[in-house]
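The structure appears right after this line, and notes come after that.
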Amino acid sequence: MYNVRKFIFGLSVFVAVFVFSNQVYSANIFPGDEDYALVTDKPAAPVGGVDALMKKIYTDTSLKGKVHGKCYLLVYVGSNGSVDDVKVVKGLGGKESDAVDIVKEFKFTPGVNGSSPVKSKVALSLNFE
């Protein structure tokens, strides 16, 4: 009887985790982002990496040394690697607008499912020190 209870408990935990994880991965953070995959086989990424993106932000703006903290962005990347939209999840009191403009112009490698590029969304954490 103990093994049956243990099995049922284990199965219920597995089912709960599976259901919860599917809800998290299919959740839409902002209205209208249903066409963009949150989870892909290969996620979208800035060409050259996040370091190249941060270098461009620091060289093209006057943010270096003036802003401190983290800025969280949700970037909507098209299947061709272009940035369709950027949403600020947590900003720096409006001082992140220059960084958002640069991210919108930056080229990304698109997310890939199987062997096909897809529209996807990627979260970026920009750390200003």
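Just for region 32-128, what percent of DSSP beta bridges are antiparallel, to the closest 5?
95 percent
Would you mind computing, in nm to one decimal, how far apart the modelled labels at Lys87 and Glu105 are, each placed 7 Å from Cα along Cα→Cβ?
Each label point is offset 7 Å from its Cα along the Cβ direction, giving 2.5 nm.
In whole percent, what relative contact order does region 32-128 give with Cα contacts below 8 Å and a gap of six or more residues?
This gives 43 percent for region 32-128.
Mind listing the Cα extents of region 32-128 along all three principal axes, in Å, largest one first?
Largest to smallest, the principal-axis extents are 43, 27, 17 Å.
If Lys and Arg each add +1 and Asp and Glu each add -1, what is the summed charge of the other residues whose beta carbon sits under 13 Å from the beta carbon of Lys104?
It works out to a net charge of -4.
Read-outs: derived from the displayed coordinates by stated rules, not from any lab. Quick caveat: nothing in here was measured; it's all calculated off a predicted structure. A quick note on method: Cβ atoms are made from the backbone with ideal geometry, for glycine too, and the neighbour counts reach across all protein chains shown.
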